[in-house]
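In what follows, a single structure is set out as structure tokens and then discussed.
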Amino acid sequence: MFIEIANAAAVTTTPLFTSRMELGDFILLAISLLVFFAWIFSIGYILRGWLLLILSGGKDDKMKPAINSIRYAIIWFIVIVLSLYIFPRIAGLLGLDVSKYSSPDKIFKQIKTLWDKVLWTQSSTELDINSSDTTPAQLPDDFSNL
């Protein structure tokens, strides 16, 4: 079991930056990183506001900043999501070909790839933990011999 875990940790993934990365791929990566961290900071700011609201003890002078921080975090979260859909439309109207790096589908796929690389999940490293040739022992139906 320890060897399987060590082999799983030793699997290499493709790096984020490569020597053959095109400008569109770099821009897609930069946009995805910005959106990813903006979402994380927005969620963190919402949680901070909720914590301040809970700790305010019902006092108005402490509740207003907490409610404002939650409000502004939600507004910026909505602005981030809307900008992902509005920017490609405006660029298309201006005649710019930005579909390679600014479509929401590609940005969300890139964010998922980044998230998978950060957490070393199955889809990013293509791990097969059950690759051993032995089959696990079957448990009895009545669980009498555990």
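Laboratory data are not the source of any read-out in this text; all were calculated from the coordinates shown. This is a predicted model, so every value here is computed, not measured. As a convention, Cβ positions derive from the backbone with ideal geometry for all residues, glycine included, and neighbour counts pool all protein chains shown.
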- Message: Suppose each label sits 7 Å from its Cα in the direction of the beta carbon; what would the I75-R89 distance come out to in nanometres?
- Response: 2.2
- Query: Once the piece of chain linking S103 and L23 is laid out straight, how much longer is it, given 0.36 nm per residue of separation minus the C-alpha distance between them?
  - Reply: 27.3 nm
